[in-house]
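The next block holds one structure in the form of structure tokens; read it before the comments.
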Amino acid sequence: MDLNLAEKVAIVGGGSKGLGRACAEELAREGAKVVICSRTEADLQKTASEIRESTGADVFVYAGDLDKYETIQDLVSETVNHFGQLDILVANSGGPPLARAATADEETWNITVQRSLLFFARIARESIPHMRAQGGGRIINILSSTVFQPIDNLALSGAARMGVVAYSKSLSEELGPDNILVNNVCPGAILTDRMLGNTTARANAQGISVEDALEARGQEAVLNRIGRPDEFSGLVAFLASDRASYITGTTMLIDGGMVRSVL
Ligand SMILES: NC(=O)c1ccc[n+]([C@@H]2O[C@H](COP(=O)([O-])OP(=O)(O)OC[C@H]3O[C@@H](n4cnc5c(N)ncnc54)[C@H](OP(=O)(O)O)[C@@H]3O)[C@@H](O)[C@H]2O)c1
């Protein structure tokens, strides 16, 4: 399927590694010009040159902390300065700190609210005027399966991201007339640095090996394994394309069947 993303410009947050990197690479392979943002400049530069080499795409990097509003403002304005437009926003960043519901402290809650709730509202608010001016756009929020089913040491992930689900439903209603489509994509367990770190913490808490913890996590999926980032990025690229022109206001899982709820 040709997703026909040539002439499109995409921002991908958290784009140096993991899911963000896979999304940036997939969009670039489909012809989009891509801006990747994360905190560590050296990782960004390395990823950008690897994506340029594998896809031939134009990749621009912006180093900054997406927990900070100023970074978000600069990222969007630098993108438009550099490429002249913004069509696709993949709103992705680091995940919230590990925490339990009963004991999460003030600092952990504050970081979580900045990173896993306000970030999505801020980056959309900065991007929308550019998309409106161009007659349309795509906002794809990367959330988590925790909005469907809790994970032991990630209690605040679901708490904050449920807010994004409600927020983005309202946003999709407000932006429909502008042809800006808004959707959420929720990974289950996809092998990245963060997923490995979280699983290691759970393995240590349970006194089991990381290999056993990874295998047990994979067995929670009906496909009986953990996913790969390239199994995640295809849906994001599809949602960014004209082939997904009648999909908005939805929240989709990519979890190999891990979440057992009927809806
Ligand atoms: N992988 C999974 O199975 C899974 C499951 C559920 C939810 N998620 C969610 O999906 C998102 C991406 O996770 P991932 O697994 O791809 O993680 P990852 O492999 O650790 O990659 C995270 C990326 O985000 C960047 N980043 C982290 N904090 C940032 C910040 N404050 N500002 C700017 N960039 C930042 C990192 O680079 P720097 O550190 O250099 O900034 C890196 O490029 C997270 O929100 C995570 O909670 C993932």
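FYI, it's all coordinate maths here, none of it is from the lab. Quantities reported herein were computed from a predicted structural model and do not represent experimental measurements. Don't worry about glycine lacking a Cβ; one is built from the backbone with ideal geometry, like all the others, and counts go over all protein chains shown.
The calculated 222 nm mean residue ellipticity attributable to helices in the chain amounts to -15000 deg cm²/dmol, summing -39500 (n - 2.57) over DSSP H runs of n ≥ 4 and dividing by all residues.
Ranking request for peptides 230-236, 1-7, 164-170: highest mean number of other beta-carbon atoms within 10 Å first, then the rest in descending order.
On the way: 230-236: 19.4, 1-7: 14.0, 164-170: 17.6.
Ranking the peptides 230-236, 1-7, 164-170 by packing returns 230-236, 164-170, 1-7.
Taking amide H as placed 1.01 Å from N in the peptide plane, the amide H of residue 184 sits under 5 Å from that of 141, 250, 251, 252, each at least 5 places away or on another chain.
Close amide H contacts of residue 189 (hydrogens built in the peptide plane, cut-off under 5 Å, sequence separation of 5 or more or a different chain): 227. Size of segment 121-206: Rg and Dmax of its alpha carbons, in Å, are 16.0, 53. Per-residue Cβ neighbour counts within 10 Å put 245, 16 in the sequence 245, 16, beginning with the fewest.
For the chain, a crude dipole built from +1 on the beta carbon of Lys and Arg and -1 on the beta carbon of Asp and Glu, taken about the Cα centre, is about 360 debye to the nearest 20.
So, R0 is 35 Å and r is the distance between the beta-carbons of residue 196 and residue 68; what FRET efficiency does that work out to, to 0.05? Spell out each step's value before the answer.
Values: r = 26 Å, r/R0 = 0.75.
It comes out at approximately 0.85.
Looking at segment 1-108, which trypsin sites (Lys or Arg not before Pro) are DSSP coil and have at most 12 other C-beta atoms within 10 Å of their C-beta? Of the trypsin sites (Lys or Arg not before Pro), the ones in loops of segment 1-108 whose Cβ has at most 12 other Cβ atoms within 10 Å are 100. Along its first, second and third principal axes, ordered by size, segment 78-180 spans 46, 27, 18 Å in Cα coordinates. Whole-percent P(r), the chain, all Cα pairs, 10 Å bins from 0: 7, 31, 38, 20, 4, 0. Take every DSSP beta bridge whose two residues both sit in the chain; close to 0 percent of them are antiparallel.
So how many Å³ per residue does the convex hull of the Cα atoms of segment 13-139 work out to? Please report the intermediate quantities before stating the final value.
Working: hull volume 13.2 nm³, N = 127.
Hull volume over Cα atoms, normalised by residue count, gives 104 Å³.
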